[in-house]
């Protein structure tokens, strides 16, 4: 399986002729490695409704005739944008035919901010995903803090790769993310949600060392780079 890092929290998973893109934020992202029109995927997964996770979701879904998957309220909102959606909720799982996805909690916030109207649309709870595909288990935590139920998630799922935010301020910082990796029992960890903007500057290699101190392999990628599982 190919795991591509497109910048910020946008990850694309590809195996054979199937591809999933998660949290596409490319337009307006100064670190983005590709443009939205370059993305080819059959499914778009969203963890929550903040702009830096959904910016290009509708455009990518429409151009690929893809199915967008999100928590019920966010999926409903995206359906109003003319996107084909499937909704689910935390604790549930869904078969994509070639893969099975489980929606897990994330401790964060989620809403669509309408600045011109000075209003916020409620978009359901934030979430993450455990994706089981080709005998591999990949976790995308979304935007989250450290929370103790990560230990339960780690007991339920043998995680080959955990994709964890490390930017601090709006999510976990590196120290808490290293603790999360240990609680999840992840074999490998890919850090995301850092260095996109000045407020979330972090040292990815230092985070990899924090992981190494716990016996966990860190896989630090720059936008545009990929790894193979």
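Each reported figure results from applying straightforward, stated rules to the coordinates on display, with no laboratory input. Everything quoted here is computed from the prediction, not taken from an experiment. Here Cβ is always computed from backbone atoms with ideal geometry, including for glycine, and neighbour counts include all displayed protein chains.
Work out, step by step, the length gained on full extension between residue 227 and residue 14: first 0.36 nm times the residue separation, then minus their alpha carbon distance; give nm to one decimal.
My answer for the length gained is 75.6 nm.
If the chain between residue 100 and residue 119 were fully stretched, how many nm would it gain, using 0.36 nm times the residue separation less the Cα-Cα distance?
My answer for the length gained is 3.3 nm.
What whole number of Å gives the distance from the Cα centroid of the stretch 159-202 to the Cα centroid of the stretch 1-72?
The two parts, judged by their Cα centres, are 19 Å apart.
Hey, fewest Cβ within 10 Å first, where do 129, 147, 77 land in order?
Fewest to most other Cβ atoms nearby, the residues stand as 147, 77, 129.
Is the stretch 13-86 rounded, prolate or oblate when judged by the Cα gyration tensor, a ≥ b ≥ c being the square roots of its eigenvalues, rounded requiring a/c under 1.5 and prolate requiring a/b larger than b/c?
Values: a/c = 1.65, a/b = 1.13, b/c = 1.46.
Oblate shape, in that a/c is at least 1.5 and b/c is the bigger or equal ratio.
Compute the distance in nm between two label points, each set 7 Å from the Cα along the Cα-to-Cβ direction, one at residue 72 and one at residue 90.
1.4
With the chain treated as a Gaussian network of Cα nodes joined by springs under 10 Å, which of 115, 157, 140 yields the largest mean-square fluctuation?
115
Rounding to the nearest 10 and keeping the result within 0 to 90°, find how far the Cα-based axis of helix 174-184 lies from the longest principal axis of the chain.
On a 0 to 90 degree scale, this one is about 90.
Contact order normalised by length for the chain, with contacts defined as Cα pairs under 8 Å and 6 or more residues apart; what percent is it?
Relative contact order of the chain: 17 percent.
Quick one: grab the alpha carbon gyration tensor of the stretch 31-136, order the square roots of its eigenvalues as a ≥ b ≥ c, and give me rounded if a/c is under 1.5, else prolate or oblate depending on whether a/b is larger than b/c.
On the way: a/c = 1.71, a/b = 1.21, b/c = 1.41.
Because a/c hits 1.5 or more and a/b fails to exceed b/c, the stretch 31-136 counts as oblate.
Out of all Cα-Cα pairs in the chain, roughly what percent, to the nearest whole number, are more than 26 Å apart? Show your work: numbers first, answer last.
Values: 7549 of 26106 pairs.
Beyond 26 Å sits 29 percent of the P(r) for the chain.
Looking at the square roots a ≥ b ≥ c of the eigenvalues of the Cα gyration tensor of the stretch 84-212, which shape do they give, rounded for a/c under 1.5, prolate if a/b is larger than b/c, or oblate?
oblate
222 nm [θ] for the chain, helices only, -39500 (n - 2.57) per DSSP H run of 4+, per residue, to 500? Don't skip to the answer; put the middle values down first.
Details: 6 runs with 47 residues, N = 229.
Calculated at 222 nm, the ellipticity per residue is -5500 deg cm²/dmol.
Antiparallel as a % of all DSSP beta bridges within the stretch 2-220, to the nearest 5?
Values: 29 of 49 bridges.
Antiparallel bridges make up about 60 percent of those DSSP assigns within the stretch 2-220.
Rounded to the nearest 0.05, what FRET efficiency do residue 206 and residue 134 have when you use their Cβ-Cβ distance and R0 = 22 Å?
0.10
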